[in-house]
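Here's the structure we're looking at; comments come further down.
None of the figures in this text is laboratory data; all of them are computed from the coordinates on show. Remember, predicted model here, so these are calculated numbers, not experimental data. Methodologically, a virtual Cβ is constructed for each residue, glycine included, from the backbone with ideal geometry; neighbour enumeration extends over all protein chains shown.
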Amino acid sequence: MGISRKALNLLAGCFCAVVFTKFLGITTAATAADTVVLRYGLLAESVSLAELQKAAELGDFPGGFELYGRRLSSQQRRFLLNTLKMPLSLNVVTVNKLLNTQIGTTILNDFSTAVVRKDKAGVQAIRAGLVIGSTAPQGLSLLSFIAAYPSQSLEINLPQTFKIAGNFNTAFWQTQQFMLAIAPQLNQQSLQVSLPFDPSQPGTAQVQVLKLNWNDQQRNRNIPVDIYWSTTATANKPLIIYSHGLGSVRTDLRYLAEHLASHGYVFVAVEHPGSNQTNVDFGLQGKNKLLKPQEFLDRPKDISFVLDELAKINQSANDPLAGKLATDNVMIIGYSFGGGTALALAGGELQLDKLKQRCKQNLAVLSLGETAQCVAQELPENSYQLRDTRIKQAIALNPTSSLMFGDTGLTKVQVPTLVLASSADKTTPALTEQIVGFHKIPAPKWLVGVLGGTHLSVKDPSTTLDQAGQPNTPFTGGEIVGEQAADVRKFVNVIVLAMAAQLTPEAKQYSVFLTPNYAIAASTPAFPFRLVTEIPPDALKVVKEYIEK
C-alpha cells in the first residue's frame, strides 16, 4: 500500500472516523445530539457537546467528573482527547460512498457493539451521523459527528469501546512481539567488518532525468515515467524499475534513484494512474473510488507495458538511451502497495479465496495494508499469475502481502528477493505483511529489519514534509521521516545497490553488504539493522504461533 499522507488521511480517516464513532452511536431521533452518556459498569456520567468542545480546546476534561478521575487511565483520557481533536479530510460524497461498500458496512456492524441501545438502529444512526457530520464547514470530526448524530443523547459502553480500540491494528502489536524475540541478536556489539569501499557514497556519474508519458491504448491508461540515467550507463548492468505505493507518486524514492544512477544504473520510476496521489485526490473529492479491484492486475501490467516501451527505445538508433537498457535483465523495486506489485511480477500468485472469506469478517482488527487488500475481493477469479520473466530480482520495501497471496502464492516467487520490514510500521505491520510472507518465499532471499523504522522512513524527504504534527493514532502517525530517518535511507542505498550488483560481474565484490554482520556493523543508536536469510528459530516460534491462530 504505499500510502502517502493523503492516502492515509482517506483510509485512516475513513476508518478512524468510523472507528471512533463507536463512541457514539445511539438512537435515530430527528434531533441532533447535545449530550453524551459514558457508561462504565454501573457508573454513568453525562457530558455536553459544549463541554467536549472545551475539553478538546484545553486538552483536558472538566473537573469534578468521577468517571474521568477514577475509572479512566491517563492513556484512555489522552486517547479520547486526541480523538476529539482529530480532523478528517472527508467530504459527504466520499463518506457516503465508503459506507455503502461491503467494507464500510462490516465496520459499522463491528463498532455498533459499543453502543448501548434497546433497539437495533445503531448502524443506521452511526451512518447518518457520519454523513451529516461530514457536511460541517470544518469537515468530519468526532465533534461534528456528535453534533450531527440523530438523537438528543448518546450512550456509550466505554469498556467495550476500549476493547475495540485495543483490537485495532493487532498485527502491529504482534510485530512488536516478534521483534522482542529477535532483540537479543540485535543488541550485539558493533562488529568490525572489512569493507572494500563505501557504497553509501554517490557514484561519479552525472545523473540526468528524462520525463516521458506513454499511453497504453489497449487499456486506455496514461503512464508517466521518470528515467534516471547517465552517459556511463550500459546494458551490462540491470535495468531497475520502481512501483510506488497507494496514493503515492513516482518520486517517492528519488534519493535512491539518483544514487543508483550515479553508479551507472538506469532507474525507471513508473506512476500508476489508478492508485497514485492524483487518484486519491479525486477520491477525497468523491469523484472516483480510492482503489478499484482491477488495479491489482493493472499495476503489474503497467510495469510490463513500460518494459515493452523501453525495449523499443533500446533499439532506436538516435535515442540517447539506445543500447543502454537491459530490458531482459530487470530488478524491480516496490514500496508498500508497490511491494505487492513487485512480488506479483516476481512470480507471486494472487490467491483470493481466503481473502474473500476473511474480508467479510471483523475488519476492526485489520491494518490499513490489509484493508486495502480487501478491495481485491471484488475480482471475479480466485487466482491470478502476473509474472514477467524479464524480472530477474525483486526488492519489496514494507510490502503488502498478508492476504492477497493466500497460503502458497509467495512460494511461487521465482527470483532472488529482498524484503525490508520496519518494526514500528503501523500501515503494513512487519509480522503479517513481510515476515510471514518472507518465510514462504523460496531462497535465495534476504530479510532486512529496521528497528525503530516506520512505514514512511524509507521515502524521500520531499514526499514526507506533511508528517509534522500529525496525530498519533492506532492506524497512523508517529512517523520517523526526513532528517530523523537519514540513517535508514543511507542503509537502503547500500543494500539496494548491493542487490543490483548481484546481476553484474561485480556481484562478489558487493556480497559483503548483504550479510548479517554488515547490517549489525551499519546499525546506529537510533536504528539497529538486522539482515537474515532465514528467520531465527526463537523468532520463528512467534511466526508459527501467529499462523496457527
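For the reader, a short list of remarks on this structure follows.
- Distance between the modelled labels on A526 and N288, one decimal in nanometres: 3.7 nm (7 Å Cα→Cβ projection).
- Modelled label positions at D353 and T278, each set 7 Å beyond Cα in the direction of Cβ, lie 4.0 nm from each other.
- Take the Cβ atoms of L540 and N236, set R0 to 25 Å, and the FRET efficiency comes out at 0.05.
- Two-site FRET efficiency, D328 against Q124, from Cβ-Cβ distance with R₀ of 60 Å, rounded to 0.05: 0.55
- Rounded, prolate or oblate (a/c below 1.5 giving rounded, otherwise prolate when a/b exceeds b/c) for the stretch 176-548 by Cα gyration tensor: rounded
- Put in line by how crowded their Cβ is, counting other Cβ atoms within 10 Å and starting with the fewest, S144, S511, S336 read S511, S144, S336.
- Its relative contact order, with pairs defined as Cα atoms under 8 Å and 6+ residues apart, puts the stretch 291-378 at 33 percent.
- Sites N220 and T411, calculated FRET efficiency, Cβ-Cβ separation with R0 45 Å, nearest 0.05: 0.85
- Of the cross-linked pairs K354/K392; K301/K356; K445/K508, those separated by over 18 Å at the C-alpha level are K354/K392; K301/K356.
- Extension gain, K508-N213: 0.36 nm per intervening residue step, less the Cα-Cα distance, totals 102.5 nm.
- Sorting the segments 256-268, 339-351, 528-540, 375-387 by their mean number of nearby beta carbons within 10 angstrom, highest to lowest, gives 339-351, 256-268, 528-540, 375-387.
- The stretch 195-344: relative contact order in percent, alpha carbon pairs under 8 Å with at least 6 residues between: 27 percent
- Distance between the pseudo-spin-label points of N96 and T533 (7 Å out from Cα toward the beta carbon): 5.8 nm.
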